[in-house]
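Read through the structure below, which is laid out as structure tokens, and then see the notes.
Read the figures in this text as sums done on the coordinates, not as results from a lab. These figures come from a predicted structure and were not determined experimentally. Every residue, glycine as well, gets a Cβ built from its backbone with ideal geometry; the counts of neighbours run over all protein chains shown.
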Amino acid sequence: MEAGTDITPLPGPFSLGEGSGRGRVGDKMFGSAATAAGLLILATLAGVAIFLIVKAIPAATASSSELPQGKTLVGYIAPLVFGTVLAATVAVIVAVPLAVAVALFISHIAPRRLAMPLAYLVDLLAAVPSIVYGLWGIFVLGPAAVGVMQWLDDNLGFIPIFKGPASATGRTMLVASLVMAVMIIPIVSAVAREVFTQTPRRLQEGAIALGATRWEMIRMSVLPFGKSAVISGSMLGLGRALGETMAVAIILSASGVVTFNLISQSNPSTIAANIALQFPESSGIAVNTLIASGLVLFAITLVVNMIARAIIGRTNVQ
């Protein structure tokens with residue numbers, strides 16, 4: 001090192017002096033606020049779980065004669081769990097491909113003057129109240145689907161989900177699932193679209209330069225880059241579908257059966273819809289039973305989110 005060389009750290013925010021070692025006041029305040037916010041979320045989640053567990057204990061320890069319909073707690077909740085998972089699964093299967101297609105159209109295919117208004121319209125679907133979707137489903141989609149369900153019964157009745165007999169009113173699990181699919185499309189589409197637009201230009205231009213078509217470029221560059229976003233959006237949509245209440249309560253003609261038949265008049269109910277319909281007239285141990293079913297729904301959504309985080313983590317590592 002030459003004599004007289006000055007290596008004194010420059011003043012300013014990037015100085016390595018004594019002040020940066022202790023941390024600035026703003027950094028400490030931000031760190032404390034972020035930590036407090038994270039702990040508050042965990043405390044709230046724990047509080048909800050403790051409340052549900054405490055309120056569900058009386059139902060778990062009661063005899064079947066004390067519970068609604070004279071069933072055991074498992075016998076009461078199991079059909080509701082089945083209906084909840086079935087409706088949400090069908091909704092996600094329908095919604096995710098459509099949402100991804102909409103996101104790709106807005107981000108990579110539509111002209112700019114059309115893409116922005118279309119994105120706003122899709123996002124506005126998330127602001128429509130679920131009660132409105134329920135009314136649309138029972139008065140518009142349900143009657144319109146009667147002919148389709150009859151065709152499915154006549155031509156695809158050998159498949160268990162279309163076994164029939166087809167409902168004459170349209171108040172079926174299929175219609176309820178389609179309505180929920182429409183409700184979660186903007187959620188999945190918004191998450192996927194934001195990540196698709198962040199795909200590095202060099203990857204897209206490189207694929208085009210190598211002779212790839214637009215679809216091949218999307219398949220080789222955009223979709224792999226946005227895989228974690230599609231999974232995240234799908235899990236958010238699944239969570240919305242699992243907890244949907246009013247739309248399902250209005251549309252579904254529930255009878256408490258356990259069946260994979262999507263077009264019949266007899267359908268299983270969902271946990272959220274059952275709570276909404278039964279809670280106003282319930283008292284005593286019946287309320288504890290409904291809260292116990294809510295605890296099961298809470299556990300299902302928690303497990304779904306944990307699985308989603310694990311899948312996203314593995315995707316990011318790869």
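So is VAL222 among the β-branched types (Val, Ile, Thr), out of contact with any Lys or Arg (no Cβ under 9 Å at 6 or more places or on another chain) and crowded, with 19+ Cβ neighbours inside 10 Å or not?
Details: among the β-branched types (Val, Ile, Thr): yes; out of contact with any Lys or Arg (no Cβ under 9 Å at 6 or more places or on another chain): yes; crowded, with 19+ Cβ neighbours inside 10 Å: yes.
Taking the combined requirement at face value, the residue satisfies it.
Do the conditions hold for ILE53, that is, is it among the β-branched types (Val, Ile, Thr), surrounded by fewer than 17 Cβ atoms within 10 Å (Cβ to Cβ), touching a helix residue (DSSP H, G or I) at 6+ places or on another chain (Cβ under 8 Å) and touching a residue at least 24 places away in the same chain (Cβ under 8 Å)?
Numbers: among the β-branched types (Val, Ile, Thr): yes; surrounded by fewer than 17 Cβ atoms within 10 Å (Cβ to Cβ): yes; touching a helix residue (DSSP H, G or I) at 6+ places or on another chain (Cβ under 8 Å): yes; touching a residue at least 24 places away in the same chain (Cβ under 8 Å): yes.
Answer is yes for this residue.
SER283 versus (1) within 25 Å of PRO160 (Cβ to Cβ); (2) among the hydroxyl-bearing types (Ser, Thr, Tyr); (3) surrounded by fewer than 16 Cβ atoms within 10 Å (Cβ to Cβ): which is the lone unmet condition?
(1)
Quick one: count up the residues across the stretch 197-245 that are within 30 Å of VAL179 (Cβ to Cβ) and out of contact with any Phe, Trp or Tyr (no Cβ under 8 Å at 6 or more places or on another chain). Before the answer, list the steps.
Narrowing the stretch 197-245 to residues within 30 Å of VAL179 (Cβ to Cβ): 197, 218, 222-223, 226-245.
Of the ones still in play, those that are also out of contact with any Phe, Trp or Tyr (no Cβ under 8 Å at 6 or more places or on another chain) are 197, 218, 223, 227-228, 230-245.
Adding up the residues that qualify gives 21.
When you check ILE77 against the structure, is it more than 21 Å from the chain's Cα centre (by Cα), crowded, with 18+ Cβ neighbours inside 10 Å and assigned to a helix (DSSP H, G or I), yes or no?
Taking the combined requirement at face value, the residue satisfies it.
Name the single residue that is farthest from the chain's Cα centre (by Cα) among those in the stretch 286-300 being buried (at least 16 other Cβ atoms within 10 Å of the Cβ) and under 15 Å from ARG240 (Cα atoms).
The qualifying residue farthest from the chain's Cα centre (by Cα) is GLY294.
For the stretch 175-223, enumerate the residues that are charged (D, E, K, R) and in contact with a His (Cβ under 8 Å, 6 or more places away or on another chain).
Of everything in the stretch 175-223, just one residue is charged (D, E, K, R) and in contact with a His (Cβ under 8 Å, 6 or more places away or on another chain), namely ARG214.
Check off (1) loosely packed, with under 15 Cβ neighbours inside 10 Å; (2) out of contact with any Pro (no Cβ under 6 Å at 6 or more places or on another chain) for ALA126 and give me the number that stays unchecked.
(2)
Among (1) free of Cβ contacts under 8 Å to residues at least 60 places away in the same chain; (2) surrounded by fewer than 19 Cβ atoms within 10 Å (Cβ to Cβ); (3) over 15 Å from the mean Cα position of the chain (by Cα), there is one condition ALA273 misses while meeting the rest; what is its number?
Among (1) free of Cβ contacts under 8 Å to residues at least 60 places away in the same chain; (2) surrounded by fewer than 19 Cβ atoms within 10 Å (Cβ to Cβ); (3) over 15 Å from the mean Cα position of the chain (by Cα), the lone unmet condition for ALA273 is (2).
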